[in-house]
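Everything on this sheet refers to the single structure shown next.
Each value in this text was obtained by applying a stated rule to the coordinates, not by laboratory testing. Owing to the predicted nature of the structure, the values given are computational and were not obtained by experimental measurement. Cβ placement follows ideal geometry from the backbone for every residue including glycine, while neighbour counts extend to all protein chains displayed.
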Ligand code: GAL
């Protein structure tokens with residue numbers, strides 16, 4: 001009886017303010033691929049933040065790291081005339097949807113909150129189209145990281161590898177320990193994520209010429225052959241069951257100590273943190289040997305689609321909530337990424353998070369910050385997928401390094 005009265009009284013009160021119907025409509029439908037333990041924990045920070053602002057969340061998860069599957073589902077939804085309110089999206093994909101005229105306009109909220117000054121220009125090039133804000137960046141990840149089991153590293157002498165040769169020596173020691181040296185999931189985007197780091201380890205200029213400029217001379221060079229040779233070497237350190245394995249299960253192997261190291265973006269740290277692991281005690285984060293001081297970044301942004309007028313207010317509340325500095329800190333501490341604003345303190349972040357933030361600032365100043373090929377920040381999807389295809393076939397032993405180089409040049413030319 002008491003419960004009934006309370007509910008009735010509340011409904012009457014809300015209707016009296018004319019707010020009940022409006023509140024019921026304040027909903028955002030969000031398409032994303034954050035389905036691993038660490039990713040879901042981070043997403044929960046956003047869901048709760050919006051709930052506290054009376055916005056309810058309609059979840060549209062599409063599993064599949066890197067978002068390939070999510071982008072296929074999105075295409076079907078938009079074609080059916082049923083775009084979600086907001087979609088987790090990477091780099092060039094955002095610009096492609098903007099070109100199609102499918103995205104909304106965040107200019108008012110961006111102007112009011114001064115996004116132009118606090119969001120780095122490296123991100124703005126994907127959050128704006130034709131001078132208008134179309135997406136709200138939530139973080140900055142980077143792909144050139146190594147995640148190492150601390151006990152296994154200590155057993156191997158404790159020294160973090162600083163060069164390719166030292167990395168190979170460490171992986172050999174992991175083999176001697178009887179653990180899987182490299183925890184990897186054989187999916188094209190994961191192979192490509194390693195390739196980001198391997199190509200960068202052969203030089204900033206080389207990475208830029210090959211992946212940003214798509215220079216056929218760099219793509220077809222001896223250096224590129226060396227990159228593929230390195231992939232072959234790394235392939236020799238993965239276990240027999242790597243094919244198709246999800247990235248978070250590979251992280252779990254390092255967390256549990258059945259594997260020594262994983263080459264993966266810093267979303268992997270979200271898994272370590274979720275498992276209660278502490279950097280420096282249970283695991284070590286370091287830049288892929290030879291890439292210290294450089295960063296290959298990707299930024300998750302929420303692209304805001306054109307939706308019916310009554311859905312726009314909730315969409316704008318979501319955009320504003322994402323850029324709030326307090327939220328940026330709370331979310332990125334859990335996600336493993338750096339904030340998408342330059343004015344967020346690193347105080348709440350662990351040692352790896354502090355390093356991510358410092359590395360990013362330094363790379364940005366030094367001109368050693370590059371968009372990640374593997375995560376859609378170097379090229380449009382057509383070119384990215386062409387590179388994925390060659391990298392995956394070579395990694396799986398279907399072709400030699402020489403053939404891979406020739407195929408890479410041809411595939412990139414055909415995709416442009
Ligand atoms: C990346 C994305 C990250 C993480 C990862 C694995 O593309 O930027 O936030 O979700 O995929 O799913």
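Note down the relative contact order for segment 86-228 as a percent, whole number, built from C-alpha pairs under 8 angstrom at least six residues apart.
Details: 78 pairs, mean separation 21.0, N = 143.
The value is 15 percent.
For segment 56-200, report the convex hull volume of the alpha-carbon atoms normalised per residue, in Å³, without decimals. Walk me through the numbers on the way to the answer.
On the way: hull volume 26.2 nm³, N = 145.
Looking at segment 56-200, the number lands at 181 Å³ per residue.
Using every alpha carbon pair in segment 229-280, what percent of pairs falls into each 5 Å bin from 0 up to the bin containing the largest distance?
Spelled out per bin, shortest first, that is 5, 17, 30, 25, 14, 8, 2, 0.
On a 0 to 90 degree scale, rounded to 10, what angle separates helix 247-256 from the longest Cα axis of the chain?
Helix 247-256 sits at roughly 70 degrees to that axis.
Where both partners of a DSSP beta bridge lie in the chain, what percent of those bridges are antiparallel, to the nearest 5? Don't skip to the end; give the middle numbers.
On the way: 22 of 37 bridges.
The antiparallel proportion sits near 60 percent.
Starting from the Cα coordinates of segment 151-235, work out the convex hull volume and express it per residue in Å³. Mind showing how you got there, number by number?
Numbers: hull volume 8.5 nm³, N = 85.
Measuring per residue, one finds 100 Å³ for the Cα hull of segment 151-235.
Can you give the relative contact order of segment 359-416 as a percent, counting alpha carbon pairs under 8 Å and 6+ residues apart? Don't jump to the answer; show the numbers that get you there.
Details: 34 pairs, mean separation 16.8, N = 58.
The value is 29 percent.
Sorted by mean Cβ packing within 10 Å, highest first, what order do the peptides 93-106, 289-302 take?
In descending order of packing, they fall as 289-302, 93-106.
For segment 115-268, state the average projected area of the convex hull of the C-alpha atoms over all orientations, rounded to one decimal in nm².
Values: hull surface 44.5 nm².
Spelled out: convex hull of the Cα atoms, projected over all directions, averaged, 11.1 nm².
Set the Förster distance to 51 Å, then compute FRET efficiency between residue 222 and residue 105 from the Cβ-Cβ distance, nearest 0.05.
Details: r = 48 Å, r/R0 = 0.94.
It comes to 0.60.
At q = 0.14 Å⁻¹, what base-10 log of I(q)/I(0) does the Debye formula yield for segment 155-198 when every alpha carbon is treated as an equal point scatterer in vacuo?
-0.40
State, to one decimal in nm², a quarter of the convex hull surface area for the C-alpha atoms of segment 63-116, i.e. the direction-averaged projected area. Present the calculation step by step, with values, prior to reporting the outcome.
On the way: hull surface 18.5 nm².
For segment 63-116, averaging the hull's shadow over all directions gives 4.6 nm².
Using only alpha carbon pairs under 8 Å that are at least six residues apart, calculate the relative contact order of the chain and give it in whole percent.
Working: 739 pairs, mean separation 109.2, N = 416.
Dividing the mean separation by the residue count of the chain yields 26 percent.
What is the diffusion coefficient of the chain in µm²/s, taking the Kirkwood radius over Cα pairs and the Stokes-Einstein relation at 25 °C with a viscosity of 0.890 mPa s? Kindly include the intermediate steps, with their values, before the conclusion.
On the way: Rh = 22.2 Å.
Stokes-Einstein gives a translational diffusion coefficient of 110 µm²/s.
When the convex hull of the C-alpha atoms of segment 98-180 is computed, what volume per residue in Å³ does it have?
Details: hull volume 14.4 nm³, N = 83.
Expressed per residue, the convex hull around the Cα atoms of segment 98-180 is 173 Å³.
Under a no-solvent Debye model with one identical scatterer per Cα of segment 213-372, what's log10 I(q)/I(0) at q = 0.08, 0.09, 0.15 Å⁻¹?
-0.33, -0.42, -1.02
Compute the acute angle (0 to 90°) between the alpha-carbon long axis of helix 37-51 and the principal axis of greatest extent of the alpha-carbon atoms of the chain; round to the nearest 10°.
20 degrees
As a check on your grasp of the helix formula, calculate [θ] at 222 nm for the chain: sum -39500 (n - 2.57) over DSSP H runs of n ≥ 4, divide by the residue count, round to the nearest 500. Could you put the intermediate results ahead of the total?
Working: 21 runs with 214 residues, N = 416.
When only DSSP H runs of four or more count, the value is -15000 deg cm²/dmol.
Can you bin segment 280-416 into rounded, prolate or oblate? Criterion: square roots of the alpha carbon gyration tensor eigenvalues sorted a ≥ b ≥ c, rounded for a/c under 1.5, prolate for a/b above b/c, oblate for the rest. Don't jump to the answer; show the numbers that get you there.
On the way: a/c = 2.55, a/b = 1.34, b/c = 1.90.
The shape class here is oblate.
Could you line up 112, 223 from fewest to most neighbouring Cβ atoms inside 10 Å?
Numbers: 112 10, 223 17.
So the residues, fewest neighbours to most, are 112, 223.
I need the shape label for segment 324-364. Rule: rounded when a/c is under 1.5, else prolate if a/b > b/c, else oblate, with a, b, c from the alpha carbon gyration tensor. Could you put the intermediate results ahead of the total?
Numbers: a/c = 1.90, a/b = 1.29, b/c = 1.47.
Note, shape of segment 324-364 comes out oblate.
Return one number: the angle in degrees, 0 to 90 and rounded to the nearest 10, between the long axis of the Cα atoms of helix 325-335 and the longest principal axis of the Cα atoms of the chain.
Around 50 degrees separate the two axes.
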